[in-house]
Amino acid sequence: MPKTTPEQNKAIVLKAFDTLFNQRDYAAAEHFWSPKYIQHSAHIAPGREGLFALVRATPDTLRYENQLIVAEGDYVIAHGRFTGMGRPAAWIAADIVRFEDGLLAEHWDVLQDEATTTESVSGLPMFGDRFPS
């Protein structure tokens with residue numbers, strides 16, 4: 001596949017995340033993640049199989065929504081929220097993805113439980129312009 005641009009990479013990440021996390025279309029998701037996918041997350045087993053297994057193990061209510069996405073060269077950083085995981089709080093994530101040949105080839109993340117109004121020392125929400133209800 002030809003080299004993709006940063007703008008194309010952002011669009012691919014958003015489509016890939018929607019396909020896997022929201023639609024749970026694993027066959028279609030395979031077209032976004034490299035078969036040689038490298039997973040750096042401490043809570044996810046290796047490879048795209050590890051990622052897909054994690055999603056399969058979550059409730060059907062799992063959803064991903066994106067707040068901000070930036071790209072430079074072969075890297076994309078997506079600031080998003082994962083809800084419906086069966087946890088007390090949503091996860092706010094900074095997902096870092098490296099592209100190779102137009103596919104998601106490598107991934108790192110930074111995760112934090114979403115703070116409520118009473119938990120936020122700054123008084124500001126971590127995602128969007130409202131606190132979770």
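Helical runs assigned H by DSSP (4 residues or longer) give the chain a calculated mean residue ellipticity at 222 nm of -5500 deg cm²/dmol, each run adding -39500 (n - 2.57) before division by the residue total. By the count of other C-beta atoms within 10 Å, a proxy for reagent exposure, V13, V97, V70, V121 are ordered fewest to most as V121, V70, V13, V97.
Sites count as exposed loop sites when they are trypsin sites (Lys or Arg not before Pro), lie in a DSSP loop, and have at most 14 other Cβ atoms within 10 angstrom; the longest stretch of the chain without one is 4-129. Here the residues D74, D101, ranked from fewest to most Cβ neighbours within 10 Å of their Cβ, fall in the order D101, D74. The simple spin-label model puts a point 7 Å past each Cα toward its Cβ; for E30 and Q112 those points are separated by 3.8 nm. Helix 47-57 and the longest principal axis of the Cα set of the chain meet at an angle near 40°.
P35: net charge of surrounding residues, Cβ under 12 Å, Lys/Arg +1, Asp/Glu -1, itself excluded? Residues close to P35 contribute a combined charge of -2.
A short reminder: the numbers here are calculations on the coordinates, not readings from a lab. These numbers were taken from a predicted model, which means no experiment stands behind them. So basically every Cβ, Gly included, is an ideal-geometry build from the backbone, and we count neighbours across all protein chains shown.
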